[in-house]
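Read the structure below first, then the notes.
The values are calculated or read from the model by the stated rules, or taken from the named source; none is laboratory data. Remember, it's a predicted structure, so these values are computed and weren't measured experimentally. In this analysis, Cβ positions are derived from the backbone assuming ideal geometry, glycine residues included, and neighbour counts consider all displayed protein chains.
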Amino acid sequence: MTISLLPLEASLHTDALQRVYELSPAYWTMYHLAQAPAGQAARDLAAIETEPGRVGLGILVANEPGNPRSGAQLVGLIDFRMHWPDPDTAYIGIVLVAEPFQRQRVATDAWSLLEPWLAAEAGLRVVRLGVEQFNPGALKFFQSLGFVLSGEAQRIRSGKRLVRLLAMQKDLVESPPEGQGLAKS
């Protein structure tokens, strides 16, 4: 698959992101929701646009690899904050790929585009994230990308429940990005 990353804008991408959410029912089930809440994409994109340093990148898959005229479809989201909680760090809030596109290396290929950019262009040295204890698939995925458990954990409120987040991190090594921009075949 040909993967690319695109900065999301509420005025352009709300409906497409909501569709990604609707195609990800297992994610919402983890939070005891029957489906993606109506208007969730609009709320998320508004928050991304107003929080300093927060970035929402859409994960796009080409409709016909090798044919740029065929366009691409939004199949996922990477939401992160740059220079947080300190100047050398990015904090990933979510990496989500719509279920029909999971287990096809979409998220792995998206990360392989983003990681060198974070190091070379953004000048970051560390990426951190928190994985819910009840999400072993995410834990295994991030470990496959080289993230390690830091030994830290915290409890956060998610709706009416307390959720334990296991902290993970990865040191970035600056290397020249493959090709130009944030696109990968």
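The residues of segment 86-120 that are closer than 20 Å to TRP28 by Cα and of a type in the set (S, T, N, Q) amount to a single one, GLN102. Here LYS184 clears all of (1) at pLDDT below 90; (2) over 17 Å from the mean Cα position of the chain (by Cα); (3) basic (Lys, Arg) except the condition numbered (2). Checked against the criteria, GLU115 does not count as modelled with pLDDT under 95 and surrounded by 15 or more Cβ atoms within 10 Å (Cβ to Cβ).
Residues in segment 144-158 that are surrounded by fewer than 14 Cβ atoms within 10 Å (Cβ to Cβ), without any contact (Cβ under 8 Å) to a residue 24 or more places away in the chain and closer than 18 Å to LEU172 by Cβ were compared, and the one that is farthest from the chain's Cα centre (by Cα) is SER150.
Go through GLY130, GLY151, GLY123 for me and flag whichever is over 26 Å from ALA26 (Cβ atoms) and in a strand (DSSP E or B).
That would be GLY151, the only listed residue that is over 26 Å from ALA26 (Cβ atoms) and in a strand (DSSP E or B).
GLU22 meets the conditions (1) charged (D, E, K, R); (2) over 21 Å from ASP171 (Cα atoms); (3) touching a residue at least 24 places away in the same chain (Cβ under 8 Å) in every case but one. The failed one is (3).
Scanning segment 40-65 for residues that are over 17 Å from ARG81 (Cα atoms) and free of Cβ contacts under 8 Å to residues at least 12 places away in the same chain returns ASN63, GLU64. Could you look through segment 159-176, keep only residues that are exposed (fewer than 14 other Cβ atoms within 10 Å of the Cβ) and in a loop (DSSP other than H, G, I, E, B), and pick out the one that is modelled with the lowest pLDDT? By that ranking, first place goes to PRO176.
Taking LEU74, is it aliphatic (A, V, I, L, M) and over 25 Å from MET168 (Cβ atoms)? Judged against the criteria, LEU74 is a match.
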